[in-house]
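> Take this structure, written in structure tokens, and hold onto it; I'll ask about it next.
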Amino acid sequence: MSDLPSRISLREVGPRDGLQNEGPVPTQAKIELIDRLSATGVRRIEAVSFVRPDAIPQMADADDVWKGIDRAPAVRYSALVPNLRGARRALDAGVTEIEAVVSASDTHNRKNVRRSTEESLDDIAALIGEAHLRGATCQVIVSTAWGCPYEGDVPVERVVRVAGRAVADGADSISFGDTTGMATPGRVRSLVGAFRSAYPDMALNLHFHNTRGTGLANVLTALELGVTDFDASVGGLGGCPYAPGATGNIATEELVHMVQDMGIETGIDLDAMIDAAADAERIVGRQLPSQVLRAGPRTRTIPP
Ligand code: COA
Ligand code: ZN
């Protein structure tokens, strides 16, 4: 395993990708979850999204959540936006790390943001310009990168072309989102390989959902390819309102549990993340899918 990275960077997306898919959660509980997460050693948290409040009522309080966070100096907080309007709201709120989302599949993009992929890309080009003018960075998230619940497979060439347009328009980094858990290790290899050949120097984040149980296998494959930046959500919170059957992201504590035992640093205190996952369960009032939350870390023994 000597050729695996020695350190990776995780972005905790539970407060946004997770909570947008749950029943109503009080603003104060969201703030407490984010503050709890920022004490686990995680360095990046996707805190909110600035979307139409009637499209995603769970994120209608984004401004208040953003204002209410007790900012930890070591943590970078980011916000997801679907369009220029959302980016302006984020910039006005003081966000300096923006993620703009576009689906590689036209049908999913229309369901999600009521635009074609090309129309979203045009809007994102303007959005990147505005973010940069106002001193913020912009990552472009290409979702349905490994398949679309409506269209099925999305060709690798199309995904790379969509990402390439964002690169040409000045995106600071690219993220590939497996919105409905359709990625498998072979597909991870193809897409990451094709993207790396075309854009060897571009920063790349991967965002997996565990819908079909391949989440950690996909991460391991990506680690072997040298990818060092992943999204995950505490407890495995998450889904996508416009993606039928989508379940949570890979669980942060499961990812940390696996890679730490392989000697890969994340900066995260595993026990603290498991405690945060237990909190997340209390907040949403249902059992979350994380198995490490149920079983505890492999080093936790029981009396014989
Ligand atoms: N935040 C708040 N309001 C917004 C907005 C945003 N980001 N973008 C548009 N609006 C408002 C406009 O101001 C306009 O309001 P007005 O009529 O009072 O002037 C109204 O919404 C219609 O604007 P339009 O540009 O036509 O938006 P739309 O109705 O086509 O909706 C999105 C497009 C992208 C805003 C909407 O589909 C959305 O918020 N989707 C979010 C999807 C999501 O979060 N998915 C999960 C994450 S991937
Ligand atoms: Zn997601």
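The values are calculated or read from the model by the stated rules, or taken from the named source; none is laboratory data. Since this is a predicted model, take the numbers as computed values, not measurements. Note that we place each Cβ from the backbone using ideal geometry, even for glycine, and neighbour counts take in every protein chain shown. Calculation scope for accessible area: heavy atoms of the full protein, side chains included, ligands and nucleic acids excluded. Shrake-Rupley method; radii C 1.70, N 1.55, O 1.52, S 1.80 Å.
> Accessible area per residue, 1.4 Å probe, Å², for the stretch 161-286: what's the number?
Details: 4270 Å² over 126 residues.
Using a 1.4 Å probe on heavy atoms only, each residue of the stretch 161-286 averages 34 Å².
> Continuing with this model, one more query. Would you list K111, K67 from the most to the least accessible area, probe 1.4 Å? Don't skip to the end; give the middle numbers.
On the way: K111 105, K67 155 Å².
Most to least solvent-accessible, the answer reads K67, K111.
> Order the peptides 91-97, 219-225 from the highest to the lowest mean number of other Cβ atoms within 10 Å of their residues. Spell out each step's value before the answer.
Working: 91-97: 17.0, 219-225: 19.1.
Result, highest mean Cβ count within 10 Å first: 219-225, 91-97.
> What accessible area, in Å² to the nearest ten, does a 1.4 Å probe give for E32?
Estimated to the nearest 10 Å², E32 gives 110 Å².
> What net charge do the residues around A29 carry, taking every other residue with its C-beta under 15 Å from that of A29, with Lys and Arg at +1 and Asp and Glu at -1?
Working: positive: R16, K30, R36, R282, R286; negative: E22, E32, D35, D61, D64, D70, D279, E281.
Here the charged neighbours net out to -3.
> Which far-off residues, 5 or more places away or on another chain, put their amide H under 5 Å from the one on R52, with H placed in the peptide plane?
Amide H neighbours of R52, under 5 Å, 5+ apart: none.
> Further, regarding this structure: Lys and Arg at +1, Asp and Glu at -1: add these up for the other residues within a Cβ distance under 15 Å of V159 and post the number. Write out the running numbers ahead of the final one.
On the way: positive: R158, R161, R165, R187, R189, R196; negative: D106, E118, E151, D153, E157, D178.
Net of charged neighbours comes to 0.
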